[in-house]
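Take a look at the structure set out below.
The values are calculated or read from the model by the stated rules, or taken from the named source; none is laboratory data. Note that the structure is a prediction, hence the values are computed from the model and not measured. In this analysis, Cβ positions are derived from the backbone assuming ideal geometry, glycine residues included, and neighbour counts consider all displayed protein chains.
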Amino acid sequence: MNNFRTWGLTAVAVLLPTALVAQEQKSGGNSPSAEQLRNSALMVDRHVAALYKSKKLPVPEVVDDATFLRRSFLVAAGRIPNLEEARAFLEIEDTDKRGALVSYLMNSDGYRSHMTNYVLDILRAQDRFGDIRTRDASPYLKWIHTSMAENKPWDTFAQELLGSRGSLWEENNGSVGYFVRDKGMELDNLANTMRIFTGTRMECAQCHDDPFGEYQRMDFYQLAAFTNGQTEVNSEAWKIVWRELREKNTERSELGHLVRWLGDNIHYTSLGGGGEGRIALPRDYQYRDGDPGEMVGGKTPFGKRERTSDNRAHGSSRETFAEWISSPDNPRFNATIVNRMWQRVMGRAIWEPVDEYKEPTETVAPALVGDLIKLMQSLDYDLKAFQNVLLLTKTFQFAANSEAFDAGVPQAFNGRQLERMTAEQVWDSMVTLVKGDPDSLPKRKFGNGVNYRGRLLQGGRKSMKTLAKELLAIKSPDKYYEYVETMLEEFESKGSGGESDSASMMSGGVIQGPAKGMARASELQSPAPEGHFLRQFGQSDRLLLDSASNEANMAQVLSMMNGHVERMVVSNSDSALYKAIEAGSTDRDKVRYVYYAVLGRPPSDNEMKVLMRDVIDGSEASYRNLASALLSTHEFLFVQ
């Protein structure tokens with residue numbers, strides 16, 4: 001039982017070493033080998049050690065196994081370990097087990113789920129576009145989910161997102177949803193894009209020269225020229241039909257409802273043109289370098305210099321913009337994603353705010369930042385591999401050190417600071433306590449059948465892709481009328497496959513849409529509805545950037561004491577937590593298993609002594625009281 005690779009206490013004990021062996025064998029293509037990952041981690045640690053040496057301080061000690069276990073699970077997989085995973089790691093001696101645990105986590109579905117939450121959040125992705133309930137954004141969410149599952153390189157992700165065009169429903173074209181998400185607010189979309197991908201804050205320059213920044217209003221509009229000209233694909237026939245229905249006051253008829261639904265889901269969700277590459281200055285433009293209404297061409301403010309003409313439309317300037325943003329020659333794109341991933345793993349960014357660019361030479365560790373950028377480029381913007389490197393570092397394992405903090409070592413290099421879990425981490429940890437293996441639970445399902453008001457056209461055989469292709473090709477209002485009337489007849493006729501019950505919501509035997517009830521946060525409605533546990537614990541409403549919160553409030557206290565937690569875990573005899581208790585043959589074993597399942601560590605000798613003397617009497621109620629008490633502790637709710 002001393003060899004971690006052959007220890008067989010549970011199935012997880014086999015999975016962990018298997019993950020390590022698989023990682024060690026990866027050397028083909030662009031995938032880095034385990035040795036390359038370890039060497040890169042050593043490079044990071046050497047830079048951090050040099051920083052401590054410059055402060056005349058010893059490098060901090062690393063945390064114990066239990067702290068490393070729980071920290072790694074919450075950071076890499078977004079949840080606490082279950083009982084089997086905790087036992088597999090803690091009850092064995094093996095010098096390679098920390099590296100094996102990292103490989104296990106980074107190759108788990110938990111990583112995919114947790115990373116999906118992160119990207120959904122920074123892109124403010126929602127199930128619907130705007131306030132219209134029927135505007136389905138599921139192809140956009142599917143594209144994000146698929147991109148994370150495929151571990152799509154960040155530069156490719158950015159380029160596909162920002163260079164998108166066409167119908168949202170085309171195969172693998174859900175990225176169009178990024179611009180549809182902010183339809184009518186193209187300038188705000190641009191400002192968000194610059195913050196997300198380049199750490200450049202230009203929102204003030206949208207209205208006036210920024211007295212505290214480096215950009216002028218002209219800079220903003222020259223950049224906005226690249227993404228200007230976002231139109232719908234061939235929507236003129238639909239607009240004429242809709243206008244005629246409104247003039248006849250028949251927009252609330254069955255035909256009118258269907259035409260409106262097609263407008264929301266087919267035409268509204270299309271993105272025509274490739275970008276004009278020029279834009280008119282606003283009517284209130286107030287500076288000498290341009291006149292109100294004057295057309296200005298595109299011009300990039302940093303990185304590779306790209307320009308478009310003031311006098312003629314470009315036709316594909318969004319692609320030019322996307323290539324410029326994601327170029328390896330764009331220093332801000334490189335530095336910003338490095339800083340974001342450092343913050344994601346270490347808990348604090350190398351420089352703050354994470355979405356406000358700083359020259360590497362102006363940071364506290366210029367050489368480290370430079371080498372991290374080179375590492376990101378050498379990994380071809382593989383975010384999983386980059387985070388894998390950081391998780392393998394001693395720096396990630398540091399215990400917080402007040403002496404180093406007092407000496408001016410930034411928190412980014414001083415051990416992961418104590419902070420509350422995110423809403424998604426709390427929820428997914430609760431789901432783990434209830435179900436044991438949250439990654440085996442139902443996933444969000446994405447369908448492509450034409451589902452109109454709970455009815456599937458042609459029994460689901462007609463796809464939204466086909467519908468969009470056919471409708472977007474129609475230029476005649478008369479033919480559009482004819483098409484929609486035929487479509488309505490198909491819905492209304494018997495035997496058309498338009499039955500309106502739960503079966504009509506199915507395609508291939510699977511109900512489409514977000515998962516319900518017990519599932520990981522990434523698989524639920526995006527964002528969760530008001531009043532849901534996730535929203536109570538601070539999940540972003542996905543309206544503004546950085547609107548999530550991990551601050552405590554009274555609703556959370558009530559939820560922990562007698563709300564969701566009581567119902568989900570404490571009073572649920574079928575939960576994985578209580579099945580863990582049943583696995584113990586003695587009272588001491590059962591206490592240890594409760595600690596493993598809730599806190600990811602064994603009880604201290606003093607805790608065990610007090611519990612066995614004053615709390616545990618062998619009854620089910622005594623274990624419920626123990627579980628309830630542990631779930632209410634700061635230790636459970638915080639990442640250490």
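The residue of segment 322-365 that is farthest from Val44 (Cα to Cα), among those that are of a type in the set (Gly, Ala, Ser) and assigned to a helix (DSSP H, G or I), is Ala322. Trp169: in contact with a Leu (Cβ under 6 Å, 6 or more places away or on another chain), farther than 29 Å from Thr432 by Cα and not polar (S, T, N, Q), yes or no? For Trp169, the condition - in contact with a Leu (Cβ under 6 Å, 6 or more places away or on another chain), farther than 29 Å from Thr432 by Cα and not polar (S, T, N, Q) - is not met.
Scanning segment 76-106 for residues that are of a type in the set (A, V, I, L, M, F, W, C), assigned to a helix (DSSP H, G or I) and surrounded by fewer than 22 Cβ atoms within 10 Å (Cβ to Cβ) returns a single hit, Leu90.
Results for (1) surrounded by 18 or more Cβ atoms within 10 Å (Cβ to Cβ); (2) touching a His at 6+ places or on another chain (Cβ under 9 Å); (3) farther than 22 Å from Ser571 by Cα, shown as yes or no for each residue.
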| site | (1), (2), (3) |
| --- | --- |
| Gly600 | yes, no, no |
| Pro603 | yes, no, yes |
| Glu607 | no, no, yes |
| Val610 | no, no, yes |
| Arg613 | no, no, yes |
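Checking each residue in segment 473-488 for being out of contact with any helix residue (DSSP H, G or I) (no Cβ under 7 Å at 6 or more places or on another chain) and outside any helix (DSSP H, G or I) picks out only Ala473. Note on segment 187-239: residues that are crowded, with 18+ Cβ neighbours inside 10 Å, β-branched (Val, Ile, Thr) and touching a strand residue (DSSP E or B) at 6+ places or on another chain (Cβ under 8 Å) total 1.
For (1) at pLDDT below 95; (2) more than 30 Å from Asn330 (Cβ to Cβ), each residue gets a yes or a no:
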| site | (1), (2) |
| --- | --- |
| Ala66 | no, yes |
| Thr95 | yes, yes |
| Tyr111 | no, no |
| Met115 | no, no |
| Trp143 | no, no |
| Glu150 | no, no |
| Ala158 | no, no |
| Leu168 | no, no |
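Residues in segment 107-155 that are assigned to a helix (DSSP H, G or I), over 30 Å from Arg260 (Cα atoms) and among the charged types (D, E, K, R): Asp109, Arg112, Asp155. Filtering segment 400-428 to residues that are buried (at least 24 other Cβ atoms within 10 Å of the Cβ) and under 24 Å from Ser526 (Cβ atoms) leaves Thr422, Ala423, Glu424, Gln425, Val426, Trp427, Asp428. Per the conditions (1) among the β-branched types (Val, Ile, Thr); (2) closer than 18 Å to Asn192 by Cβ; (3) modelled with pLDDT under 95, the sole criterion not satisfied by Thr300 is (3). Screening segment 566-618 for helices (runs of 4 or more DSSP H) wholly inside it with 3 or more residues that are of a type in the set (Asp, Glu) returns the ranges 605-614. For segment 135-186, the set of residues classified as over 16 Å from the mean Cα position of the chain (by Cα), among the β-branched types (Val, Ile, Thr) and crowded, with 16+ Cβ neighbours inside 10 Å consists of Val176, Val180, listed by residue number.
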